[in-house]
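The values are calculated or read from the model by the stated rules, or taken from the named source; none is laboratory data. Computed from a prediction, not measured in an experiment: that's the story for all the values here. Backbone-built Cβ (ideal geometry, glycine too); neighbour counts: all protein chains shown. The accessibility values were calculated without ligands, DNA or RNA, using every heavy atom of the protein model including side chains. Shrake-Rupley method; radii C 1.70, N 1.55, O 1.52, S 1.80 Å.
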Amino acid sequence: MEFNDFITLDYMCTYMGTVVVTMLIVQFTKELPGVKKIPTRYYTFLVAFFNILICNILNETFTIAKVYLMLINAMLVTFTATGGYDFSIKKVIIDEPEKIETTDINNDMK
């Protein structure tokens, strides 16, 4: 493996390869003027779908019958690619636990 082969077509066409490439493209392009208006989750879905579509075309495995499966796989890639962001970046609100009343066991026994 040469040092310029960090991402190959074979790797890009795997599940994790698709997730990595989708995240790279989204992070690199999401601040572009036209893209900024699209919610990140939907933009990520479009990138994931086109990535899967391109992999199928380049591997000569594309058929119209696979489009539905590509859409489902793009949803899976989208949830994987955006799930880490939702968990680590967005603020998580934790309610304060309710105060637990303590009772004196000795008083209950009398």
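The table for this structure:
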quantity: Hits in segment 1-30 (condition: in a loop (DSSP other than H, G, I, E, B) and closer than 13 Å to A81 by Cβ); calculated: K30
quantity: Residues located in segment 44-65, provided they are open to solvent by 30 Å² or more (accessible area, probe 1.4 Å) and either at positive phi or assigned to a helix (DSSP H, G or I) (or both); calculated: F45, L46, F49, F50, L53, I54, I57, L58, E60, I64, A65
quantity: Residue in segment 52-67 that is modelled with pLDDT under 90 and basic (K, R) present; calculated: no
quantity: Residue pairs meeting the criteria (Cβ under 8 Å; at least 6 apart or on separate chains; first over 17 Å from M16 (Cβ atoms), in segment 42-70; second of a type in the set (S, T, Y) and assigned to a helix (DSSP H, G or I)); calculated: F45/T78
quantity: Residues of segment 24-43 classified as open to solvent by less than 40 Å² (accessible area, probe 1.4 Å) and of a type in the set (V, I, T), total; calculated: 3
quantity: Checking T8 against (1) among the hydroxyl-bearing types (S, T, Y); (2) open to solvent by 50 Å² or more (accessible area, probe 1.4 Å); (3) modelled with pLDDT of 90 or more, the condition it does not meet; calculated: (3)
